[in-house]
Amino acid sequence: MAEDVKEESVTSNDESDLAASDGSLNNTLRRSSVAVMSQKVLTVISILTRVVMLGQMLTEGSCLLRRMEISVAEAEKRSGKNAVSIQETYTVYLVETRPMDAIAEGHNPPPDSLWRRYSEFELLRNYLIVTYPYIVVPPLPEKRAEFVWHKLSADNMDPDFVERRRIGLENFLLRVASHPVLSNNEMLYHFLTKEHGWKEMVYETGFQAKADSRLRALSATFRVRSPHKRLVEMKHYSDGLQSHTSQLLRARTRVADRLYAVYKVHGNYGRVFSEWSAIEKEMGDGLQSAGHHMDAYAASVDDILEEEEHYADQLKEYLSYAEAVRAVCRKHELSQFELEMASQDLISKKQQREELATGIVRTFSLKGMTNKLFGQEAPEQRDAKLNLLEELIAEGEETVKEKTAECDEHAEKAWADIVRFKDQKDKDLQEALINYALMQISMCKKGIQVWSNAKECFLKM
Amino acid sequence: MSVGAPRGLASSGQKLITEILHPLSAAEEPLSPGPDVTISAEKDKEPGLTNGTPVEISSPASASVLLSRLQLDGDPEADAHDPFGSGEPRDLFVTVDDPKKHVSTMETYITYRVSTKTTRIEFDLPEYSVRRRYQDFDWLRIKLEDSQPTHLVPPLPEKFVMKGVVDRFSEEFVGTRMKALDKFLKRVADHPVLSFNPHLNAFLTAKDLNKRQGLALLTKVGESVKNVAGGYKLRARPVEFCAMGEYLDTFSQKLGTIDRIAQRILREQSEYLTELREYGTVYSTWAGSEEQLQRPLEGVAGCVTTSCGALEDLSDNMSQDFLPVLREYILYIESMKNVLRKRDQVQAEYEGRLEAAVLRKQEDRTPIPVEVEKCQDKVECFNADLKADWERWQRNKRQDFKQLLTGMADKNISYYEKSQAAWESLITLLQEKQTEDKTSETN
């Protein structure tokens, strides 16, 4: 529906047309200065958000971010042959770092920098997820554009998308570098400082082997007998968070589509007022100028919706965060499950030992049956078996002890990080909502401005 | 007209239809005072109109209160350009209000109160109050057209409505129609010639309007016969009337386009509203599963709801006040084009007769008959009347559209203001909360 709206609307980009008519040159100038102003507002709001977030991050413990200034400064297109020798175009991002102490001393050293692709960020994140299974690892910006309202480009190469991705990647690095646990990771440090050979270094850690087995296990369904209450609650919460943020993102997309249509149709007033003014004497000027304001009104929606994308990005971050929380809970469940399996195994082995030692078969077992049918085995065989069992039981007890410790440690660390996450989430989302409200206010002010201008023109009719 | 036991509208549930404010009322948002806007002492209860006629909502004002209000009113611009007036103050004021439903065995219909205040000697009393129904207005209009064919008679709102499609007794429909009828009467009362028409006098004063419906029907037929008969071909239409015709054609076209655009906007706004409502509920639902974020999320949901309400008001206003006035003008233009056609006919008749008479004179020296001279007079009168009416119509059109478009701008501004206020109070709330949280953290 908005398709034909676009066709009908006046192409207000045609500056020459506007400049040609009397008294509208001022309007043209005013309009472009309004556009510049709104860009500034966009930048101001996104800067404010970052400043608040950075402030929050820096106050947390000792972390990399305190020692090093990190940013993802630029994005560039590259072409090259990929692993299977096919020519491809991709985007690289410039990661810049500067030592904090030098800055604090008032020097202004040039930053160290290196280029990274999105896939390298992904590799870093996967590595961190496997290495710290009980930590809610900050998410990356989306791989593909989702929840796109229809006029927005879903193309990964689109400059607006690339720009938003750059911001998202910087966000990711800042969050990781300010995390009390993650920021100490060596691979992270190398990611930021070692351009070549970093990937090989990461692979050499052998994390992928662990990754595969854990991932496979996670996708399997398993039942835990005595689940950790708080972590289960958290899992349910994360499901809710995921569902709410995705619902919100979908609804927002639909609203954006409709809002776009409403604004753009007003552009038609611009054209018809202009045509009408041609047949009027006294009313002509007023109508003509009013028409230009209607054009400006129609054009203003582009900036408004562009800015809202930043809000959508903040929601998307927490949509992904919900998934990360869920993963932590599930990983604990897996540990718990393995522990329960190990305990179960230990119990059955102990039972077997008892049976062997006393000859009494408490429960039905194939051994018991064969004993009855074919007679008991020779004492030497029985002893050998008993010894083996003792070994296995000793091992089993070790395993259970280890796994119990692991499980408890995991639960403790996970809970600590989840508490930290909850706090961060509340602050971030509250900030995001405030920003959204500011955007709405800005939209209202623009609307009032345009209609007041139009009213001035009408009064002069 | 006999007024049966008046009953309030049973169908409309909400507010009493008698409480409907006049569309051009400045009751809610005070317009910046211009020469065409009435400033009245009791701003919220007595809204005014461009031509200074006060709209009565509750009790009819006494003549003295009316006069005092008149002193504040004034349309100096219009008076200055008025070729007919010599700067005289207006002396005939009419109002249409107070719709009431009448149910009889035969039919159900609505009547409106028509109030008149005047100092003219043509009227026996200074004040009148009668009840009229749409049929009566229609009768008046036909009579005016017939008796003053050389003048532009303002249009009435559409007569026929599809019974299944439109609820003829809904508050909205009745309100819109009433405003249009009020406007019609005011325009007639304003007209220097039409306002002295005896039919108008009868309409405004007679207890029972003796309409003789049959005659009205005949008259309508007669009119169309008048248009068709003659069959004279027009030689040369004077330039000014050509220009008028062209202007009307283009203007009508543009108004049609504006109407379509406005309707399109209404449709899009309605869809936007639907999505916006849904959007608000998602925030509410989410709030239910949060602790710290509950208040902020509820707050956002609340602001969205407020914006929805404001948008609804805007849309309602556009469909009830903006569009009907636009359509009325389109009808006005149609009737004006009719008058132009009549003028052409009269001129053609004259030219035809003249030509015939001249030929006969050449043949047998018969003098030009008196009828031909009378025709010439007719043409000249028609042209003069039409030109004068055209000027006044152009002036009124300018005022009407200035008001209409300014009103549209105001309603849009009001919508954004309401929304902005809601979001701003939310920001205050959230920022207070943030400082609260920070202080509780440090403690």
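Between A:Ser348, A:Ser289, which is without any contact (Cβ under 8 Å) to a residue 60 or more places away in the chain, more than 23 Å from A:Ala414 (Cα to Cα) and part of a helix (DSSP H, G or I)?
That would be A:Ser348, the only listed residue that is without any contact (Cβ under 8 Å) to a residue 60 or more places away in the chain, more than 23 Å from A:Ala414 (Cα to Cα) and part of a helix (DSSP H, G or I).
Of B:Thr176, B:Thr118, which residue is more than 30 Å from B:Ser315 (Cβ to Cβ), crowded, with 20+ Cβ neighbours inside 10 Å and of a type outside the set (Gly, Ala, Ser)? First the steps, then the outcome.
On the way: B:Thr176 fails: more than 30 Å from B:Ser315 (Cβ to Cβ).
After ruling out the rest, the residue left standing is B:Thr118.
Any residue that is more than 15 Å from A:Trp149 (Cβ to Cβ), within 12 Å of another protein chain (Cβ to nearest Cβ) and under 38 Å from the mean Cα position of the chain (by Cα) - is there at least one of those in segment A:249-265?
Taking segment A:249-265 as the starting set, the residues that turn out to be more than 15 Å from A:Trp149 (Cβ to Cβ) are A:265.
Pick out the ones that are also within 12 Å of another protein chain (Cβ to nearest Cβ) and you get A:265.
From what's left, under 38 Å from the mean Cα position of the chain (by Cα): A:265.
Among the residues of segment A:249-265, at least one is more than 15 Å from A:Trp149 (Cβ to Cβ), within 12 Å of another protein chain (Cβ to nearest Cβ) and under 38 Å from the mean Cα position of the chain (by Cα), which makes the answer yes.
Is it true that B:Val153 is among the aliphatic types (A, V, I, L, M), surrounded by 20 or more Cβ atoms within 10 Å (Cβ to Cβ) and not in a helix (DSSP H, G or I)?
Yes; evaluated as a whole, the condition is true for this residue.
Return a yes/no flag: does segment B:291-312 have any residue that is surrounded by 20 or more Cβ atoms within 10 Å (Cβ to Cβ) and among the acidic types (Asp, Glu).
Looking for residues that are surrounded by 20 or more Cβ atoms within 10 Å (Cβ to Cβ) and among the acidic types (Asp, Glu), one finds none in segment B:291-312, hence no.
Looking at (1) buried (at least 19 other Cβ atoms within 10 Å of the Cβ); (2) part of a helix (DSSP H, G or I); (3) at the interface with another protein chain (Cβ under 7 Å from one of its Cβ atoms), can you tell me which one A:His410 breaks?
The one condition A:His410 does not meet is (3).
Take the conditions without any contact (Cβ under 8 Å) to a residue 60 or more places away in the chain and polar (S, T, N, Q) and apply them to B:Gln376. Does it pass?
For B:Gln376, the condition - without any contact (Cβ under 8 Å) to a residue 60 or more places away in the chain and polar (S, T, N, Q) - is met.
Mind checking whether some residue in segment A:137-154 is under 23 Å from A:Leu334 (Cα atoms), under 19 Å from the mean Cα position of the chain (by Cα) and of a type in the set (A, V, I, L, M)?
Looking for residues that are under 23 Å from A:Leu334 (Cα atoms), under 19 Å from the mean Cα position of the chain (by Cα) and of a type in the set (A, V, I, L, M), one finds at least one in segment A:137-154, hence yes.
So B:Leu386 passes all but one of these: (1) touching a residue at least 12 places away in the same chain (Cβ under 8 Å); (2) within 11 Å of chain A (Cβ to nearest Cβ). Which condition number does it fail?
(2)
Give me a count of the residues in segment B:397-436 that are among the acidic types (Asp, Glu), more than 24 Å from A:Met294 (Cβ to Cβ) and at the interface with chain A (Cβ under 7 Å from one of its Cβ atoms). Walk me through how you get there before you give the answer.
Initial filter on segment B:397-436 (among the acidic types (Asp, Glu)): B:400, B:410, B:417, B:424, B:432, B:436.
If we keep only those that are more than 24 Å from A:Met294 (Cβ to Cβ) too, we end up with B:424, B:432, B:436.
Within this subset, residues satisfying the condition of being at the interface with chain A (Cβ under 7 Å from one of its Cβ atoms) are B:424.
Looking only at that region, the number is 1.
To keep it simple, each residue is scored yes or no on (1) in contact with a helix residue (DSSP H, G or I) (Cβ under 8 Å, 6 or more places away or on another chain); (2) at pLDDT below 95; (3) assigned to a loop (DSSP other than H, G, I, E, B); (4) of a type in the set (D, E, K, R).
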residue	(1), (2), (3), (4)
B:Leu204	no, yes, no, no
B:Ala216	yes, yes, no, no
B:Thr219	yes, yes, no, no
B:Lys233	yes, yes, yes, yes
B:Ile258	yes, no, no, no
B:Arg264	yes, no, no, yes
B:Arg267	no, no, no, yes
B:Ser307	yes, no, no, no
B:Leu311	yes, no, no, no
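Within segment A:152-254, which helices (runs of 4 or more DSSP H) (wholly inside it) include 2 or more residues that are in contact with a strand residue (DSSP E or B) (Cβ under 8 Å, 6 or more places away or on another chain) and not aliphatic (A, V, I, L, M)?
The helices (runs of 4 or more DSSP H) meeting that bar are A:159-177, A:186-193.
Here are the criteria: (1) surrounded by fewer than 17 Cβ atoms within 10 Å (Cβ to Cβ); (2) more than 22 Å from A:Leu65 (Cα to Cα); (3) basic (Lys, Arg). Tell me which single one A:Lys235 does not satisfy.
All conditions pass for A:Lys235, except number (1).
Between a first residue in segment A:274-286 that is closer than 21 Å to B:Trp390 by Cα and a second residue that is part of a helix (DSSP H, G or I) and of a type in the set (A, V, I, L, M), which pairs have beta carbons less than 7 Å apart while being 6 or more apart in sequence or on different chains?
From segment A:274-286, the pairs are A:Trp276/A:Leu287; A:Ser277/A:Leu287; A:Glu280/A:Leu287.
Which members of segment A:121-155 meet the condition of being touching a Lys or Arg at 6+ places or on another chain (Cβ under 7 Å) and either under 19 Å from A:Ser183 (Cβ atoms) or surrounded by fewer than 15 Cβ atoms within 10 Å (Cβ to Cβ) (or both)?
The answer is A:Leu123, A:Val130, A:Pro133, A:Tyr134, A:Val137, A:Pro138, A:Leu140.
What is the residue count in segment B:257-273 for residues that are touching a residue at least 12 places away in the same chain (Cβ under 8 Å) and facing chain A (nearest Cβ under 8 Å)?
Residues meeting the conditions: 4.
Can you tell me how many residues in segment B:274-303 are in contact with a helix residue (DSSP H, G or I) (Cβ under 6 Å, 6 or more places away or on another chain), farther than 24 Å from B:Gln263 by Cα and in contact (Cβ under 8 Å) with a residue 24 or more places away in the chain?
Selection size over segment B:274-303: 7.
Here are A:Ala432, A:Ala454: which of them is touching a Phe, Trp or Tyr at 6+ places or on another chain (Cβ under 9 Å), among the small types (Gly, Ala, Ser) and more than 8 Å from chain B (Cβ to nearest Cβ)?
Going through A:Ala432, A:Ala454 in turn, the sole match is A:Ala432.
Just wondering, is there one or more residues in segment A:297-309 that are acidic (Asp, Glu), within 9 Å of another protein chain (Cβ to nearest Cβ), part of a helix (DSSP H, G or I) and without any contact (Cβ under 8 Å) to a residue 24 or more places away in the chain?
No.
Given B:Leu359, B:Leu331, which one is part of a helix (DSSP H, G or I) and closer than 30 Å to B:Gly407 by Cα?
Details: B:Leu359 fails: closer than 30 Å to B:Gly407 by Cα.
It is B:Leu331.
Quick one: which residue in A:His228, A:His244 is more than 9 Å from every other protein chain (Cβ to nearest Cβ), farther than 30 Å from B:Ala243 by Cβ and either modelled with pLDDT of 95 or more or surrounded by 21 or more Cβ atoms within 10 Å (Cβ to Cβ) (or both)?
Details: A:His244 fails: more than 9 Å from every other protein chain (Cβ to nearest Cβ).
Selected residue: A:His228, the only one of A:His228, A:His244 that is more than 9 Å from every other protein chain (Cβ to nearest Cβ), farther than 30 Å from B:Ala243 by Cβ and either modelled with pLDDT of 95 or more or surrounded by 21 or more Cβ atoms within 10 Å (Cβ to Cβ) (or both).
The values are calculated or read from the model by the stated rules, or taken from the named source; none is laboratory data. Note that the structure is predicted; figures quoted are calculated from it, not measured. With ideal geometry, Cβ positions are generated from the backbone for all residues, glycine too; neighbour counts draw on all protein chains shown.
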